[in-house]
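Scroll down for the structure; my scribbles are underneath it.
The values are calculated or read from the model by the stated rules, or taken from the named source; none is laboratory data. Note that this is a predicted model, so its numbers are computed, not measured. Using ideal geometry, Cβ is built from the backbone for each residue, glycine included, and neighbour counts are taken over all protein chains shown. Please note that ligands, DNA and RNA were not included when accessible areas were found on the heavy atoms of the full protein model with its side chains. Shrake-Rupley method; radii C 1.70, N 1.55, O 1.52, S 1.80 Å.
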Amino acid sequence: MAANRRMKRMASSQPGFIKLKSVSGGDSLATTRRKRLNKNKKKNWNKNIDINDVDEFLEDIRHQERTTGGLLSEKTDETLFFLDVGPPKKAERKVAPVEVKMRRGKPVRPLRIDLILQHDSLVAAPKDVLSYQLPNAKKLRRIAQKAEHLAAKGIVPRRQKKLLTLRFPEKTESKAVTDANNNPERDFYDIWAPEIKSTADPWYLQQTRKSRVKRPEKMNAKPSALPAVEVIAPGGSYNPDFFSHQALLQEAHDVEVKKQKAEDKLVRQLAVNKDHLATEETIFREQVEGLVEQEDDRDDEEAGADDDGVIVGAISQALKKTEKERRKERAEILKEQSRQADKEKILRQQQLFQLRSIKTSIKQDESDTKVKQIQRKANQEAEKSQPRRLGKLKFQAQDLEVQLSDELAGSLRQLKPEGSVLKDRFKSMQKRNLIEPRERAKFKRRLKVKYQEKRAFREIT
């Protein structure tokens with residue numbers, strides 16, 4: 001009991017202790033134990049320390065700087081106080097003229113938004129240090145100091161010596177001074193007049209850079225002959241003609257049939273042939289292959305063993321030709337050469353009688369060449385309106401925007417918008433060879449997603 005009373009007296013003597021009266025009136029008193037704080041850790045400093053007085057002091061200083069431009073304790077008495085000697089006399093009263101905007105004979109008050117936006121703080125704006133900094137300021141200062149030091153000694157720098165030794169050409173002819181644009185007496189210039197060709201030497205104009213660089217002809221040519229905006233077929237109107245609408249439907253149908261044929265061809269190529277499937281007989285034959293010896297193999301081995309015992313005779317050497325045989329061979333060669341020469345002579349003589357047929361064949365070849373040239377030019381003209389292969393991807397034409405017969409609207413108010421203007425422009429630029437065909441980049445996650453179950457969710461489940 002004595003220890004409890006001593007503990008209560010110590011607790012009541014602590015600052016901030018609130019005594020509570022007992023409800024039951026007995027010896028039991030509701031005592032509060034002071035929270036023990038660990039102040040040797042930095043994270044507990046701001047939690048358990050009251051800094052309101054410091055914040056109030058700093059806020060008071062900031063308020064003085066905003067309203068008076070500084071601390072009141074540093075101000076002089078003349079700036080804080082003035083001597084009130086009563087109202088001035090009428091003769092001595094001088095009122096400065098104040099410019100007040102008048103509207104219909106009444107002064108116009110400034111708007112509240114203008115008053116809010118006015119600068120009411122006396123604190124000066126911070127100085128922009130970066131605007132006063134110069135690149136390599138220390139190096140430039142050192143160079144200037146060194147130049148002053150050399151100039152005081154009478155030493156001329158080497159760079160200045162080189163400039164003094166250089167001989168500049170004397171200006172004999174003064175350049176013509178062009179008149180200013182705002183001079184009304186300047187010569188009249190017609191911008192639509194044909195350009196006057198210069199009579200000076202082209203080599204001189206090229207070296208003096210007074211002539212323009214010739215622009216390559218390829219830069220003037222357009223990459224495609226297609227227009228920037230293609231007009232849709234008449235069947236794509238909101239109220240089309242019957243035949244034009246059916247023609248557009250037939251065109252869309254042909255496109256879909258072509259796609260379906262390509263898909264069917266791919267399915268046929270990837271299909272498995274039933275003849276190539278393994279059966280029970282083929283499986284058994286593969287398993288037994290090499291295990292059963294056949295009699296034919298044994299007979300072949302015995303025949304091979306018998307052949308090994310036969311001795312092969314020596315190879316007979318070629319006999320050397322005699323001089324008579326060599327003379328006869330040379331005579332045959334000369335006779336054959338003379339025979340070929342006579343044959344070629346006869347053929348050339350026969351060609352004289354074939355001049356008409358040769359001319360006919362030459363004309364036929366020339367006509368075939370002209371037809372090929374015309375066809376080649378036509379193909380080149382057709383390629384100008386076709387998309388070229390600019391990248392690794394091939395151009396895929398946009399789907400036709402067509403409505404079925406039961407989807408046609410009678411007026412523009414009931415018309416449903418289709419397609420996208422942005423996608424249409426993007427495809428048009430690809431078709432006109434301005435940009436290469438592209439596809440949306442595929443997102444590849446470099447790191448695997450890690451799923452972590454939080455403690456709150458784990459407690460619920």
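Taken across the stretch 87-100, residues that are open to solvent by 100 Å² or more (accessible area, probe 1.4 Å), at pLDDT 75 or above and over 60 Å from the mean Cα position of the chain (by Cα) do occur, with at least one present.
For GLU65, the stated conditions do not hold, so it cannot be described as open to solvent by 80 Å² or more (accessible area, probe 1.4 Å), modelled with pLDDT of 85 or more and under 54 Å from the mean Cα position of the chain (by Cα).
Of everything listed in (1) in a loop (DSSP other than H, G, I, E, B); (2) under 21 Å from VAL229 (Cα atoms); (3) open to solvent by less than 70 Å² (accessible area, probe 1.4 Å), the single unmet condition for SER428 is (1). Is it the case, given these coordinates, that GLU256 is among the charged types (D, E, K, R), under 30 Å from ALA409 (Cα atoms) and open to solvent by less than 100 Å² (accessible area, probe 1.4 Å)? Answer is no for this residue.
Mind listing whichever residues of the stretch 400-423 are closer than 21 Å to HIS253 by Cα, without any contact (Cβ under 8 Å) to a residue 60 or more places away in the chain and open to solvent by less than 100 Å² (accessible area, probe 1.4 Å)? The answer is GLN403, GLU407, GLU418, GLY419. For beta carbons closer than 7 Å, sequence separation of 6+ or different chains, a first residue in the stretch 241-259 that is within 17 Å of SER405 (Cβ to Cβ) and a second that is surrounded by fewer than 14 Cβ atoms within 10 Å (Cβ to Cβ), the qualifying pairs are ASP241/PRO234; SER244/PRO234.
Do the conditions hold for ARG388, that is, is it out of contact with any strand residue (DSSP E or B) (no Cβ under 6 Å at 6 or more places or on another chain), at pLDDT 90 or above, in a loop (DSSP other than H, G, I, E, B) and open to solvent by 100 Å² or more (accessible area, probe 1.4 Å)? The answer is yes for ARG388.
The stretch 107-169 holds helices (runs of 4 or more DSSP H) entirely within its bounds, and those carrying 2 or more residues that are of a type in the set (Val, Ile, Thr) map to 112-117. So, ALA441, is that one surrounded by 12 or more Cβ atoms within 10 Å (Cβ to Cβ), part of a loop (DSSP other than H, G, I, E, B) and at pLDDT below 90 or not? No. The set of residues from the stretch 191-216 being part of a helix (DSSP H, G or I) and of a type in the set (A, V, I, L, M) comprises just one member, LEU205.
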